[in-house]
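The next block holds one structure in the form of structure tokens; read it before the comments.
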Amino acid sequence: MKPARVIGSVVATRVAAGLEGEKLLLLVPVDENDGVAGEPFVGCDTVGVGPGARVIWVGGKEAASALRRPNVPVDATCIAVLERHGGRDV
């Protein structure tokens, strides 16, 4: 599990079987100080967030397991919203 910030959404004219109806987000990895920590990538949204939100995402087999349909071709999925309270992430 890793943190990222949502920087936009992605619209696909064609999607792989099993990904119909899934919302796609443009994410950028962030560090503990909310600084950019890598290149942007696309991930599925299971938590209903929009631009500016901080999320926790998973990759690999866990990314596909978090979706409604098993064994779909996905590399990243948002599984939680990351919020800050009192200067700490929760």
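The values are calculated or read from the model by the stated rules, or taken from the named source; none is laboratory data. Given the structure is predicted, the values throughout are model-derived calculations rather than measurements. For neighbour counting, all protein chains shown are included, and Cβ atoms are generated from backbone atoms with ideal geometry for every residue, glycine included.
Tabulated data
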{"read-out": "Out of R69, R5, sole residue that is basic (K, R) and outside any loop (DSSP other than H, G, I, E, B)", "value": "R5"}
{"read-out": "Output for the range 46-62, where each listed residue is farther than 14 Å from P3 by Cα and not in a loop (DSSP other than H, G, I, E, B)", "value": "K61, E62"}
{"read-out": "Contacts under 8 angstrom Cβ, first residue in the range 66-88 being among the polar types (S, T, N, Q) and surrounded by 10 or more Cβ atoms within 10 Å (Cβ to Cβ), partner outside any strand (DSSP E or B) and modelled with pLDDT of 75 or more, 6 or more apart", "value": "N71/G18; N71/A64; T77/T46; T77/E62; T77/A63; T77/A64; T77/A66; T77/L67"}
{"read-out": "Selection from the range 22-45 of residues that are in a loop (DSSP other than H, G, I, E, B), surrounded by 13 or more Cβ atoms within 10 Å (Cβ to Cβ) and at pLDDT 90 or above", "value": "A37, P40"}
{"read-out": "Where a residue in the range 10-21 is in a loop (DSSP other than H, G, I, E, B) and its partner, wherever it lies, is at pLDDT below 90 and among the basic types (K, R), with Cβ under 6 Å and at least six apart", "value": "G18/R69"}
{"read-out": "G18 vs. criteria more than 10 Å from the chain's Cα centre (by Cα) and among the small types (G, A, S)", "value": "yes"}
